[in-house]
Structures are given as structure tokens and as C-alpha cells.
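> Sharing a structure with you now.
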Amino acid sequence: KRLAILASGSGSNAEKIMEQFQKSTKGKVVLIASNKSEAFVLERAKKFDVPTFTFSKKEMEAGVLLKKLQEEQIDWVILAGFLLKIPDELIRAFPERMVNIHPALLPNYGGKGMYGMHVHEAVKANGDQQTGITIHLVNEHYDEGKIIFQAATPVSKEDSPETIAQKVHALEHRYFPEVIESLL
Ligand code: GRF
């Protein structure tokens with residue numbers, strides 16, 4: 001199976017996924033696409049000899065990204081820290097074949113604007129005893145697609161949003177690659 005990863009930032013998840021599929025017979029990461037031409041994820045792609053593609057929000061909404069994914073005969077689209085809302089036309093082109101990771105236990109802390117440190121600040125502010133990750137299929141309703149996998153980690157009152165973020169990132173790196181492979 002041919003996988004494309006969409007990312008807007010650092011790409012630590014993308015790196016773990018590329019590592020996983022270097023030694024997998026079930027799939028191959030054949031494209032890293034980003035809406036940010038200076039995103040560090042593009043550097044990580046170069047290290048793994050994975051071709052990259054950058055696009056603007058406008059181009060994505062005009063269908064340029066969809067065209068590229070079809071040209072590359074992509075089977076699965078993986079969102080790993082991708083911060084734009086995917087156009088419905090693109091979602092419809094990959095029914096049950098687009099996967100996202102969210103740094104919280106959906107349905108808690110879902111929706112627009114809940115990304116990066118905002119989620120961990122909210123978990124802290126609400127005094128939650130746990131947080132975690134949610135890996136889900138993407139549908140036309142933001143952060144509401146079918147949940148594939150969740151993992152939790154305890155949160156104590158000594159935790160800061162930064163230490164919560166570290167715990168969540170560790171869960172992401174531990175589980176996202178394997179969960180993707182289990183879907184193929
Ligand atoms: C992760 O926290 C992920 O849950 C969220 O964006 C972040 C991406 O981090 N969607 P990275 O770019 O993979 O390091």
C-alpha cells in the first residue's frame with residue numbers, strides 16, 4: 001500500500017511512521033506533503049529519501065493536493081500534525097482511508113483550535129486525572145470520525161502542560177506507526 005503523510009510542523013510522528021515502514025512489507029511511505037514550505041517535517045523526509053510536496057491552503061482548496069495524491073496512486077492518507085481542515089472533496093476521495101491523530105481522548109477536547117499546547121493547557125486547567133491520544137478515521141465532521149485506537153496516561157497536579165505534552169507525544173510515537181500498519 002502507498003502512504004502519504006500530511007504534516008504542518010516538526011513531523012516527529014511522521015519520522016516514526018517512516019521508520020516503521022522502512023521495515024514493513026504492508027506499506028510504503030511514498031510522499032510527505034506540507035502546507036508549510038519551511039516545516040521541519042520536510043527535512044525529515046529528505047533523511048528517509050521520501051519525496052516531498054508543498055502546497056498552499058488555496059491550492060489545497062482548489063484540488064491541487066487531491067490531484068497530486070491521485071497521480072501518486074496513494075492508498076492511505078495519514079494526518080500527522082496537519083493543521084488545516086481537509087476539504088470534503090478530499091475526504092470523499094479517501095473514504096475510510098484517511099487517518100488522524102489527536103493529542104487527547106476524544107470526544108473530549110476535540111474541534112477546531114484544540115491543537116498543540118491548547119489541548120494540554122485545557123486538560124491541566126480542568127484538573128483531569130488522565131489524558132491520551134486518539135487515532136481516528138477522518139470524515140467530514142472535524143475530529144468525529146470512527147475511533148480506531150486510544151491510549152491514556154495519568155495526569156497529576158504536579159504536571160504542567162509541557163510535561164503533559166511530553167507524555168502524550170511519547171504515546172503518539174509508541175502507537176501511531178503500529179496502529180497505521182494494523183489498518184493496511
Ligand atoms: C501531535 O501532537 C499530534 O497529536 C498533533 O500535532 C502534533 C504533531 O507533532 N496532531 P509532530 O509534528 O508529529 O511532532
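Read-outs throughout are calculated quantities, based only on the coordinates presented, and are distinct from any laboratory measurement. The model shown is predicted, which means the values in this text are computed figures rather than measured ones. Using ideal geometry, Cβ is built from the backbone for each residue, glycine included, and neighbour counts are taken over all protein chains shown.
> Could you pull out the trypsin sites (Lys or Arg not before Pro) across region 1-87 that fall in loop regions by DSSP (anything but H, G, I, E, B) with no more than 11 other Cβ atoms inside 10 Å?
23
> Using just the helices of the chain, give the 222 nm mean residue ellipticity in deg cm²/dmol: DSSP H runs with n ≥ 4 each add -39,500 (n - 2.57), and the total is spread over all residues, rounded to 500.
Here the helix-only value at 222 nm equals -11000 deg cm²/dmol.
> Here are some pairs, 47/68; 16/167; 1/23; 46/167; 124/146; 57/85; which of them have Cα atoms lying more than 19 Å apart in this structure?
In this structure, 47/68; 46/167; 124/146 lie more than 19 Å apart at Cα.
> Quote the charge dipole size of region 86-184 about the Cα centre in Debye, to the nearest 20; the model charges only the Cβ of Lys and Arg (+1) and of Asp and Glu (-1).
Value, rounded to 20: 100 debye.
> Continuing with the same structure: Which of 93, 81, 41 sits farthest toward the positive end of the charge dipole of region 1-152, with +1 on the Cβ of Lys and Arg and -1 on the Cβ of Asp and Glu?
41
> Nearest 5 percent is fine: what portion of the DSSP beta bridges confined to region 58-184 is antiparallel?
Of those bridges, close to 80 percent are antiparallel.
> Taking the chain on its own, what percent of its Cα-Cα pair distances exceed 19 Å?
Value for the chain (Cα pairs over 19 Å): 56 percent.
> Trypsin sites (Lys or Arg not before Pro), restricted to region 127-184: which are DSSP loop and have at most 12 other Cβ atoms within 10 Å?
Listed in order of number, the matching sites are 146, 157.
> Let me know the longest stretch in the chain that avoids all GluC sites (Glu not before Pro) found in a DSSP loop with at most 10 other C-beta atoms within 10 Å.
So the longest stretch without any such site is 39-157.
> Calculate the FRET efficiency for residue 49 and residue 130 from the Cβ-Cβ distance with a Förster distance of 41 Å, rounded to the nearest 0.05.
0.60
> Give the value in nm², to one decimal: projected area of the alpha carbon convex hull of region 67-137, averaged over all directions.
5.1 nm²
> What angle, in degrees between 0 and 90 and rounded to the nearest 10, separates the Cα long axis of helix 161-183 from the longest principal axis of the Cα atoms of the chain?
It works out to around 40 degrees.
> May I ask for the angle, rounded to the nearest 10°, between helix 12-22 and the longest principal axis of the chain, with both axes built from Cα atoms and the value confined to 0 to 90°?
Relative to the chain, helix 12-22 is tipped by roughly 50 degrees.
> Another one. Can you give the charge dipole size of the chain about its Cα centre, rounded to the nearest 20 debye, using +1 on the beta carbon of Lys and Arg and -1 on the beta carbon of Asp and Glu?
Its charge dipole is roughly 360 debye.
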